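Take this structure first; my questions come after.
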Amino acid sequence: MSEVSGQARYGVIGHPIEHSLSPLIHTLFAQQTDEALTYDAIDVPPAALGDTLDGAEAKGLRGLNVTVPHKQNVLRHCKHLTERARMAGAANTLSLSDGRWHGDTTDGPGLNADLQALDIDVRDQSVLLIGAGGSAYSVLADLLGAGPDRVIVANRTLGAAQTLCRHFAKLGDVVACSLDRIPRRRFALVINATSATLQRARPAIPPGCVRDAHCYDLMYAKDGTIFTDWSFDNGARSVHTGIGMLVEQAALSFEIWRGVAPVTMSVRAHLRDALGFTV
Ligand code: NDP
């Protein structure tokens, strides 16, 4: 497919991808900002990643969002990476320029923007980040940039948390522990960055960790997740899923591509009123 009547073409690649909300979100941004573009969900199995990226320009594509399972694998197809993407070891936003891909990640700033929208301030506070996989790598630099007193990274496999903490040590006070050795202290914010929710499970952390804390599951869901429900039952101050982060990271991708920052509040309202998300 080539450019249709002056409309630039964008999309999100992943596998599976059919349930992605990104086409809806970017279409709403385009309408709001009067930008002439199309945005599609593109199913790309792992074996087809290289061919898809190599053939994108001929199809009129200018930029791509990237989701599971390609976020790490796209790096080797990029001519240039931002420092943020290099630190994260992943990219969720690719831009085509002079026939070369440029990689960035907006997950970390997207989470920070959502925390700001939710009025959650971690400055000088303790944060508990559960998980040490791809999304933990994507958000930790920006989380440390928000100025917490300390971030404790708890993971089922201690070694993975220790590797993550070493990687980001120069950016702030970040300490690793296993799920059953989380220090007893009051956390202002507890983030579930594990994929346990996908397995209909929750990370086995002591209930005291979430008491009076803002609790945030990176995975989004209409009616909360096992983690947010459990946190609510155990005295959380507030509970949230990653739907706001999804909107905010999309807005930052849109701005990278089009040079115009969409207003996210109206899109958040649309997801709430038309689709029933708590955002
Ligand atoms: P990864 O597969 O890279 O990492 C998985 C992590 O979860 C590991 O730390 C793993 O621990 C841990 N884990 C898995 N199962 C369990 C369990 N049963 N109990 C405890 N820990 C467990 O996943 P990602 O980091 O890429 O994704 C995590 C979540 O973040 C997903 O739900 C994804 O949807 C969400 N996400 C949301 C975004 C948004 O915009 N809202 C953006 C990006 C991600 P171990 O090391 O021991 O295996």
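The values are calculated or read from the model by the stated rules, or taken from the named source; none is laboratory data. Computed from a predicted structure; not experimentally measured. All Cβ positions, even for glycine, are placed from backbone atoms using ideal geometry, and neighbour counts span all protein chains on display. Ligands, DNA and RNA are stripped out before the accessible areas are found, and what is left, the full protein with its side chains, is counted by its heavy atoms. Shrake-Rupley method; radii C 1.70, N 1.55, O 1.52, S 1.80 Å.
For region 71-100, give me each residue that is under 17 Å from the mean Cα position of the chain (by Cα), open to solvent by 60 Å² or more (accessible area, probe 1.4 Å) and touching a residue at least 12 places away in the same chain (Cβ under 8 Å).
Q72, N73, R84
Would you confirm, using the coordinates I've provided, whether I42 is over 19 Å from I256 (Cα atoms) and assigned to a loop (DSSP other than H, G, I, E, B)?
Against the criterion (over 19 Å from I256 (Cα atoms) and assigned to a loop (DSSP other than H, G, I, E, B)), I42 does not qualify.
Please go through region 180-217 and give me each residue that is within 14 Å of V151 (Cα to Cα) and within 11 Å of the ligand (Cβ to nearest atom), ordered by number.
I191, N192, A193, listed by residue number.
Let's see how each residue does on (1) of a type outside the set (D, E); (2) open to solvent by less than 30 Å² (accessible area, probe 1.4 Å); (3) on the phi < 0 side of the Ramachandran plot:
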| position | (1), (2), (3) |
| --- | --- |
| A117 | yes, no, yes |
| S126 | yes, yes, yes |
| G131 | yes, yes, no |
| G134 | yes, no, yes |
| L143 | yes, yes, yes |
| I152 | yes, yes, yes |
| T157 | yes, no, yes |
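Another one. Would you check if A269 is within 9 Å of the ligand (Cβ to nearest atom) and modelled with pLDDT of 95 or more?
No.
Here is a follow-up. With the structure loaded, tell me whether Y220 is open to solvent by 40 Å² or more (accessible area, probe 1.4 Å) and within 14 Å of the ligand (Cβ to nearest atom) or whether it fails that test.
yes
From the list G208, G244, which one is more than 28 Å from D34 (Cβ to Cβ) and in contact with a Lys or Arg (Cβ under 7 Å, 6 or more places away or on another chain)?
One residue alone meets the criteria, G208.
Also: Go through region 96-212 and tell me which helices (runs of 4 or more DSSP H), entirely inside it, have 1 or more residues that are under 18 Å from H240 (Cα atoms) and polar (S, T, N, Q).
In region 96-212, the matching helices (runs of 4 or more DSSP H) lie at 107-117, 134-145.
Here is a follow-up. Residue by residue through region 213-236, note down the ones that are small (G, A, S) and either assigned to a loop (DSSP other than H, G, I, E, B) or more than 23 Å from G134 (Cβ to Cβ) (or both).
Within region 213-236, A213, A221, G224, G235, A236 meet the criteria.
Could you please find all residues in region 121-147 being within 13 Å of V175 (Cα to Cα) and within 8 Å of the ligand (Cβ to nearest atom)?
Hits for region 121-147 are I130, G131, A132.
Report, by residue number, each residue of region 50-70 that is open to solvent by 50 Å² or more (accessible area, probe 1.4 Å), of a type outside the set (D, E) and either closer than 12 Å to G99 by Cβ or in a helix (DSSP H, G or I) (or both).
Once the filter is applied, which keeps residues that are open to solvent by 50 Å² or more (accessible area, probe 1.4 Å), of a type outside the set (D, E) and either closer than 12 Å to G99 by Cβ or in a helix (DSSP H, G or I) (or both), region 50-70 yields A58, K59, R62.
Counting just the residues of region 159-173 that are more than 15 Å from the ligand (Cβ to nearest atom) and of a type in the set (A, V, I, L, M), which one comes out surrounded by the most Cβ atoms within 10 Å (Cβ to Cβ)?
Going through the qualifying residues, I end up with L171.
Surrounded by fewer than 16 Cβ atoms within 10 Å (Cβ to Cβ) and of a type in the set (V, I, T), is that true of T27?
Yes: the conditions hold for T27.
Within the group F232, F254, which residue is more than 16 Å from the ligand (Cβ to nearest atom), modelled with pLDDT of 95 or more and aromatic (F, W, Y)?
Unique residue meeting the criteria: F232.
On to the next question. Within region 20-39, take every residue that is among the polar types (S, T, N, Q) and assigned to a helix (DSSP H, G or I) and give me the one that is nearest to the chain's Cα centre (by Cα).
S22
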